[in-house]
Amino acid sequence: MKLWEKGVSVDAAIEKFTVGKDRELDVLLAPFDILGSIAHVIMLESIGLIGREELPLLLTELKSLYQESLKPGFIIEPGVEDIHSQVELMLTRKLGDLGKKIHSGRSRNDQVLLDLKLFIRSRLETIVEKTNILAGIMLEKSEKHKDVLMPGYTHLQIAMPSSFGLWFGAWAESLTDDLMILQSAWKLTNQNPLGSAAGYGSSFPLNRTLTTRLLGFEHLNYNVIYAQMGRGKTERVVSFAISNLAATLSKLAFDVCLYMSQNFNFVSLPDELTTGSSIMPHKKNPDVFELIRGHCNKLQGLPMQITLIANNLPSGYFRDLQVMKELILPAFEELEACLDIAAYALDNIRINHTILEDRKYDYLFSVEEVNKLTLKGMPFRDAYKEIGRQIAEGEFRPEKKVDHTHEGSIGNLCLGEIAAKKEEILQGFNFADVNHAITKLLH
Ligand code: ARG
């Protein structure tokens, strides 16, 4: 079944190639495609293109299809091209010719654009929730272990004293900034492209403001050419936000892997959270964090792949854009799985309280000792030389205590400020408005 069939059947090889992965991937878009159709038919009735008595029939059927689309068994049938065709087919089976009316004033171009926006909007909400949970865990751990010192490194060489409070807190603040970037992606996504049709609007007097409100969008993508350009641009911006968050997770995962190595021995995982070796009986490997790193490094390639697909396209729709779905749709699940498992494992991580008892870490305190002499009145450069001499002559015996007071330092982690910054960003996501609109639409 093809929405555009005109009596000539398409070559089987061409059909297989052009449909590509749409049948599997479009299933993810199914509920969103139906939501779009619900809003569209309400609007069509309001401008007289669907009869008053026809609307309830369509709405009942679409709402029941929506429920069906959420069930695991929902498929795009063999011979059906994509989700847009599947929904229209199912509707027409139930309602006959009335089902065919829903495509007035619409094209699959603005349909898929809308589906993607709604899909991305919903998945961004999940990503934001999961990021917030992980950031919360890191804030908790930071507070709990604020007094436990650990080495800080530059060039991977022992540098200055750090603490678990500082280390955990750093990830909370990094994730908070990632939420900021996700918010830009969310705002860009949360604009309605429906009604741009094939990319040049329609001669029907569509009420795009109405569908914007019904679907809970914050704004319209007004210009219909620009609305169509949202295909590719939305994915690119969102993938940058994803990649940014993935970069935080990947760096964090590397730290954990490094700190779990016996040569560091700063943190450990309960045995049940590690994996073994088929040959070495003693192994307790941090596979979880290696996989987080692997997935998240892969996700950082996403913006480049998406950029390249859209790179040389002029304005207007092109089938190239279909390939982007193969990249962006699975990315959410991949990132969500990393966020979930990172939160689970980090919630159970154990820390070593006695790292600095090892004499090799004494030099961490060289700057502390220089600063102490400076505070007693010795010029910094002389103090630096004096401590350098003590180190060279094997006389250096630091106190191994730190007294840092400025904002964001070991002794003043500013966790409340970081939490407040995070809350302020979270307030800027209008998830409640969106969810309220969708609940109303389905009522
Ligand atoms: N599967 C197509 C896509 O993802 C749907 C839109 C088809 N539009 C068209 N003009 N052929 O882009």
**Study point:** Any hit, segment 35-46, residues being charged (D, E, K, R), without any contact (Cβ under 8 Å) to a residue 60 or more places away in the chain and closer than 18 Å to residue 195 by Cα
**Key:** yes
Point to revise | Of residues in segment 351-366 being part of a loop (DSSP other than H, G, I, E, B) and in contact (Cβ under 8 Å) with a residue 12 or more places away in the chain, the one farthest from the chain's Cα centre (by Cα) | key: 353
Review point. Taking segment 106-135 only, how many residues are within 16 Å of the ligand (Cβ to nearest atom) and either more than 20 Å from residue 64 (Cα to Cα) or of a type in the set (S, T, N, Q) (or both)?
Key: 12
Exercise for review: Kindly provide the set of residues from segment 198-228 that are in a helix (DSSP H, G or I), open to solvent by less than 30 Å² (accessible area, probe 1.4 Å) and within 16 Å of the ligand (Cβ to nearest atom), ordered by number.
Suggested key: 227, 228
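Per-residue answers, yes or no, for (1) among the basic types (Lys, Arg); (2) within 16 Å of the ligand (Cβ to nearest atom); (3) part of a helix (DSSP H, G or I):
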site: 66; (1), (2), (3): no, no, yes
site: 79; (1), (2), (3): no, yes, no
site: 140; (1), (2), (3): no, no, yes
site: 146; (1), (2), (3): yes, no, no
site: 162; (1), (2), (3): no, no, no
Practice item. Return the total of residues in segment 403-438 being part of a loop (DSSP other than H, G, I, E, B) and either over 26 Å from residue 188 (Cβ atoms) or more than 26 Å from the chain's Cα centre (by Cα) (or both). Key: 10
Exercise for review: Considering only residues that are out of contact with any helix residue (DSSP H, G or I) (no Cβ under 7 Å at 6 or more places or on another chain) and part of a helix (DSSP H, G or I), look in segment 367-385 and name the one that is most open to solvent (accessible area, probe 1.4 Å).
Suggested key: 375
Exercise for review: Kindly check whether there is at least one residue in segment 198-209 that is β-branched (Val, Ile, Thr) and touching a residue at least 12 places away in the same chain (Cβ under 8 Å).
Suggested key: no
Check your understanding: Filtering segment 15-39 down to residues that are within 13 Å of the ligand (Cβ to nearest atom) and either among the acidic types (Asp, Glu) or surrounded by fewer than 11 Cβ atoms within 10 Å (Cβ to Cβ) (or both), which residue is modelled with the lowest pLDDT?
Key -> 15
Check your understanding: If only one of 124, 139, 206, 182 is out of contact with any Ser or Thr (no Cβ under 9 Å at 6 or more places or on another chain) and more than 18 Å from residue 252 (Cα to Cα), which one is it?
Key -> 206
Point to revise | Residues (modelled with pLDDT under 95, touching a helix residue (DSSP H, G or I) at 6+ places or on another chain (Cβ under 9 Å) and exposed (fewer than 14 other Cβ atoms within 10 Å of the Cβ)) located in segment 281-310 | key: none
Practice item. Test each condition in (1) open to solvent by 30 Å² or more (accessible area, probe 1.4 Å); (2) more than 20 Å from residue 211 (Cβ to Cβ) for residue 85 and report the one that comes out false. Key: (1)
Practice item. Examine segment 250-264 for a residue that is assigned to a loop (DSSP other than H, G, I, E, B) and touching a Gly at 6+ places or on another chain (Cβ under 6 Å), and state whether such a residue exists. Key: no
**Study point:** Hits in segment 306-318 - residues which are more than 9 Å from the ligand (Cβ to nearest atom), without any contact (Cβ under 8 Å) to a residue 40 or more places away in the chain and either closer than 18 Å to residue 20 by Cα or touching a Leu at 6+ places or on another chain (Cβ under 8 Å) (or both)
**Key:** none
Review point. Of the conditions (1) at pLDDT 95 or above; (2) within 30 Å of residue 58 (Cβ to Cβ); (3) surrounded by 14 or more Cβ atoms within 10 Å (Cβ to Cβ); (4) not acidic (Asp, Glu), residue 418 fails just one. Which one is it?
Key: (2)
Practice item. Give just the number: which of (1) within 16 Å of the ligand (Cβ to nearest atom); (2) closer than 30 Å to residue 432 by Cα; (3) among the aliphatic types (A, V, I, L, M) does residue 89 not satisfy? Key: (2)
**Study point:** Filter result (buried (at least 16 other Cβ atoms within 10 Å of the Cβ), within 16 Å of the ligand (Cβ to nearest atom) and farther than 11 Å from residue 306 by Cβ) within segment 319-348
**Key:** 322, 329
Review point. Looking at 51, 79, which one is out of contact with any helix residue (DSSP H, G or I) (no Cβ under 8 Å at 6 or more places or on another chain) and either among the aromatic types (Phe, Trp, Tyr) or open to solvent by 10 Å² or more (accessible area, probe 1.4 Å) (or both)?
Key: 79
Practice item. Report the residue count in segment 1-40 for those that are closer than 21 Å to residue 122 by Cβ and among the hydrophobic types (A, V, I, L, M, F, W, C). Key: 10
Study note, to complete from the structure: Quick count over segment 164-197, residues being more than 23 Å from the chain's Cα centre (by Cα) and either closer than 21 Å to residue 128 by Cα or assigned to a helix (DSSP H, G or I) (or both), is 3
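The values are calculated or read from the model by the stated rules, or taken from the named source; none is laboratory data. Treat the numbers as computed from the prediction; the structure is a model and nothing was measured. Here the Cβ is made from the backbone with ideal geometry for all residues, glycine too, and neighbour counts use every protein chain on show. The protein model used for the area step is the full one, side chains on, heavy atoms only, and it has no ligands, DNA or RNA in it. Shrake-Rupley method; radii C 1.70, N 1.55, O 1.52, S 1.80 Å.
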